[in-house]
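The values are calculated or read from the model by the stated rules, or taken from the named source; none is laboratory data. This one's a predicted model, so the numbers in the text were calculated from it and none came from an experiment. For neighbour counting, all protein chains shown are included, and Cβ atoms are generated from backbone atoms with ideal geometry for every residue, glycine included.
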Amino acid sequence: MEDIKILAIESSCDDTSAAVVLNGRTVLSNVISSQIDLHTLYGGVVPEIASRKHMEQINQVVEEALKEAKVSLEEITAVAVTYGPGLIGSLLVGVSAAKAIAYAANKPLVGVHHIEGHICANYIDHPELEPPFMCLVVSGGHTHLVRVEDYGVYTILGRTRDDAAGEAYDKVARAVGLGYPGGPKIDQLAKEGNAKAITFPRAKVDGNVYDFSFSGLKSAVLNYINGCEMKGVEINNADLVASFQASVVESLVTRAIAGTKESGLKTLAIAGGVASNTALRGALEEACKKEGFTFYRPAPILCTDNAAMIGAAGYYEYLAGNRSGWDLNAVANLPLGER
């Protein structure tokens, strides 16, 4: 079979990224322009600033990706792009660029779901991985437990009813003065704390045992902080974040393991920005070992938003014959499984 080279573009939040992926699993280039330093000044992502920055960076990032891959636009098979979910302004920049490039180069255009991209990041680091398997997707905007039936075919077992896990991390980090981005900072500080120092709630959700909820936990942490401040009690931040993280990790791990078991699967993967959290990775690894499951996780660079994962997902969408028209638009709240 002829090699398929996908030029992929990802701009759903605050990272501008372009990549060239060969046959779905080999990354020839993966260029990421991060805006973290810029948004740190504001304590979180400012959508208007993010989209403007994408406009400044997108052409340079695409050129760099092609150059690094030693591939010309003529040699590209198709152009894949994230069209949702995400920040609408940020998505529009990537979608517009991808449409312009595909049209000018006379190449097929393939719209990719952002969460599908995160799941497919596992194929890059683990060429032996094939569906069906269970995947826990945990990021700043999403917390999903997904059964991967086949390439591009997904069944959602559970999802968050309110805050995503990464969102809760960012809010708690802000409350204790750690700043943005909260996830990596909490992960680091928690190593110095006692995870059993404070008992925070583990939410159970009515109607679906696999659904998640983190807003109650976030409120419990804020109430604890306010209570201590009112009583003049000194807060041990390391113990606080370690206890908070223990609650999040337990909620994620118990549902992921139970869902994998009930589905009769023996393989569990993790994906998304929070998938690089060391406590979560360690707990899942231990739980999978105990159950006799095979555990897969992408390298940290592939957990954050990047175009290589979109190239991997785009390859399987391309093989399935899925093409997008020139009317492809950004969809901020695009559900997984819908085109």
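General remarks:
- Filtering Y103, Y83, Y42 for residues that are of a type in the set (S, T, Y) and modelled with pLDDT under 95 leaves a single hit, Y42.
- Selection of region 241-267 for residues being farther than 23 Å from A190 by Cβ and crowded, with 24+ Cβ neighbours inside 10 Å yields only T260.
- Meets criteria (touching a residue at least 40 places away in the same chain (Cβ under 8 Å) and either in the same structural domain as V45 (by TED's automatic domain parsing) or within 21 Å of G282 (Cβ to Cβ) (or both)) for D187: yes
- Residue satisfying all of: in region 9-36; within 23 Å of H142 (Cα to Cα) and either of a type in the set (D, E, K, R) or in the same structural domain as H142 (by TED's automatic domain parsing) (or both); modelled with the lowest pLDDT among these: D14
- Residues satisfying the stated conditions in region 207-225, i.e. part of a helix (DSSP H, G or I) and not basic (K, R): S215, G216, L217, S219, A220, V221, L222, N223, Y224, I225
- Within region 142-177, the set of residues being surrounded by fewer than 22 Cβ atoms within 10 Å (Cβ to Cβ), among the small types (G, A, S) and under 30 Å from A320 (Cβ atoms) comprises G152, G158.
- For region 103-112, the criterion of being small (G, A, S) and not in a helix (DSSP H, G or I) is met by at least one residue.
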